[in-house]
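Following: one structure in structure tokens, then a few remarks.
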Amino acid sequence: MIKNIVFDMGNVLIKYDPSQFIEEFTSNEKHQQMLLEKIFYTDEWEQYDQGTITKEEIIDKATSLLPKVLHSSIPVVMDTWFEKMTPISGMEDVVKILKKNGYSIYLLSNVSQDFYSFRDVVPGIDYFDGKFISSDWKCIKPDAEIYQLFFSYFNLEPAECFFIDDLAINIEAAASQGMQGHIFDGNISKMTSSLNTEGVMI
């Protein structure tokens, strides 16, 4: 029986699209693409989410790769990248209903320590029973380790948890550790239908 609902954050609870907010820094489309490719779409960004490199290291690496005209933008991007994120409409109601119906609510997200600067944007954050942030634990989805640590830390049975994430690879990895889930594509009705199928009252 499902007792715990586990949410990813980016593109499940809040909108995360670097290609939109990068327009704040330059109107030059070529420069926008360069910033995206040398900051957000990199192995370093994944390591930043994992908590194994610092913001300063990302700035230094991007500075070494990007033209001088963009150098002043790089630290500003890194300091403010999360400020344009907004809650996904309807998700706070989902969290509230699940909590009211007796389920425990958890967050399991790949995110850097910047999370602590924007946590209040996450819809229903005060209803969560626990938050498991990749950079706190130096591990990252879809690695098996993060799921195992998550279950152990909160003393949860995987079979009693249902995971909602926007990436199939993360849901598949969770399933390999005993936690079933739903790939969220922005359609809340489909998500609630999947929860209903597992016997979750919502």
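Readers should treat all values here as calculations from the given coordinates under stated rules, not as data from a laboratory. Keep in mind it's a predicted model, so treat the numbers as computed, not measured. Using ideal geometry, Cβ is built from the backbone for each residue, glycine included, and neighbour counts are taken over all protein chains shown.
Distance from the C-alpha centroid of segment 75-145 to that of segment 18-66: 21 Å, rounded to the whole angstrom. Secondary structure note: in the chain, about 5% of the DSSP beta bridges are antiparallel. From least to most packed, judged by other beta carbons within 10 angstrom and beginning with the fewest, Asp8, Asp93, Asp114 follow the order Asp93, Asp114, Asp8. Here is the tail figure for segment 18-80: Cα pairs spaced more than 18 Å apart come to 26 percent of all pairs.
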